[in-house]
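These notes concern the structure reproduced below.
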Amino acid sequence: MSLPARDGRAGGGAAIFMVMGACACFAALDTGSKFVSATAPVMMVLWVRYIVQLAFTFGYLLPRQGGSPFATRHPLLQVLRGLLLLLCSVLAFLCLMFLPVGEFTAIVMISPIVVTLASTLLLREKVSASRWGIVLGGFIGVLLVIQPGAATFTWAMLLPLVLVGTNASFQLLTSVLAKSEEAGTTHSITGMVGALVTTLALPFFWRPDQSLAVWLVILAMSALGAVGHYLLIVAYTRATPARLTPYLYTQIAFAALAGWVAFGHAPDALALAGFGVISVCGMLGPWISAREARNSVH
């Protein structure tokens, strides 16, 4: 069955719902991570997630895509990408041990802004005032969420900024590999690298004495992660990134809602203002990029 035309009305509308569905999956995954972080070692949780992801990839995705899953022109870059994603997962788990889900998600959502700026600087392109304004606005939003100097501030609230830098490196490397590698190949190798590293570490972190509730949450998280990434992959085959990027910021709303339902945490007024500033800046990014591209043509 053929996919709808890229950015067609039917395909584009479905892609938006897929992105929002993926964001809901990721918000639930982060909420689950916070729940299990009190008792379950991070490497054990990630091992289960990678095994479920591999089962989904090799059992469902690859048979439909065809081709060799490991035929790569850049094996070292592929391994580095897998290690960066694993590091992102470890950092996210650590962040969620200390931070509410909504605040954590809002801070991490400045990653696309950082990626856009970093890619522009690496290409030695002139950075417009509009782009600098978005970057500044994004970091003002982060300050509103973190609230340094407030009684609620702890140094652990700076951990997501380390994650933002790591995730930006991961995204930049992904964009480099996307120019010459098949998406299925990159997805498969990334999963294999994570599964291999967590398997080697598993004997040092294996603690099977978890409650049934914790095991069920870990399995649900793993399934949600696989489904969320699959929805994003399909969405980006049906619509352009510029059209879909604004809807990625619904994850902040889903995360704040999940944190309130699961843990009774309601963000204060300043944090909510920060959520809004980060979302607006993130949504403006693709629009400014498209406008600058049109102006460069004329």
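See the values below:
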| read-out | value |
| --- | --- |
| Residue order, fewest to most surrounding Cβ atoms within 10 angstrom, among 179, 34 | 179, 34 |
| When segment 158-270 is reduced to its Cα atoms, the Kirkwood hydrodynamic radius in Å | 17.6 Å |
| Listed residues 76, 87, 54, most fluctuating in the chain (Gaussian network, C-alpha, under 10 Å) | 76 |
| Dipole magnitude of the chain, debye to nearest 20 (Cβ charges: Lys/Arg +1, Asp/Glu -1, about Cα centre) | 700 debye |
| Expected 222 nm ellipticity per residue - DSSP helices of 4 or more, -39500 (n - 2.57), all of the chain, to 500 | -26000 deg cm²/dmol |
| Burial ordering of 77, 86, fewest other beta-carbon atoms within 10 Å first | 77, 86 |
| Selection from 278, 58, 92, by position along the positive dipole direction of the chain (Cβ) | 58 |
| Rough spin-label spacing in nm, given labels placed 7 Å along Cα→Cβ, for residue 220 and residue 175 | 3.6 nm |
| Backbone HN-Hα couplings from phi across segment 265-279 [Karplus 6.51/-1.76/1.60, Hz, Gly and Pro as x] | 8, 10, x, 7, 4, 5, 5, 4, 4, x, 4, x, 4, 4, 5 |
| Whole-Hz ³J(HN,Hα) from phi, Karplus 6.51 cos²θ - 1.76 cosθ + 1.60, for segment 24-29, glycine and proline x | 5, 4, 5, 5, 5, 4 |
| Listed residues 267, 246, 208, most fluctuating in the chain (Gaussian network, C-alpha, under 10 Å) | 208 |
| Residue-by-residue Karplus 3J(HN,Hα) for segment 35-52, coefficients 6.51, -1.76, 1.60, Hz, glycine and proline x | 5, 7, 5, 5, 10, 8, x, 4, 5, 5, 5, 5, 4, 4, 4, 5, 5, 5 |
| Whether segment 151-219 is rounded, prolate or oblate, judged on the alpha carbon gyration tensor where a/c under 1.5 counts as rounded | oblate |
| Residue-span extension gain [residue 90 to residue 132] - 0.36 nm each, minus C-alpha spacing | 12.1 nm |
| Residue with peak Gaussian network fluctuation, the chain [Cα springs, cutoff 10 Å], from 178, 239, 22 | 178 |
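Values in this text are rule-based calculations from the coordinates and carry no lab data. For clarity, every value in this text was computed on a predicted model and none was experimentally measured. Ideal geometry is used to build each Cβ from the backbone, glycine not excepted, and the neighbour counts take in all protein chains shown.
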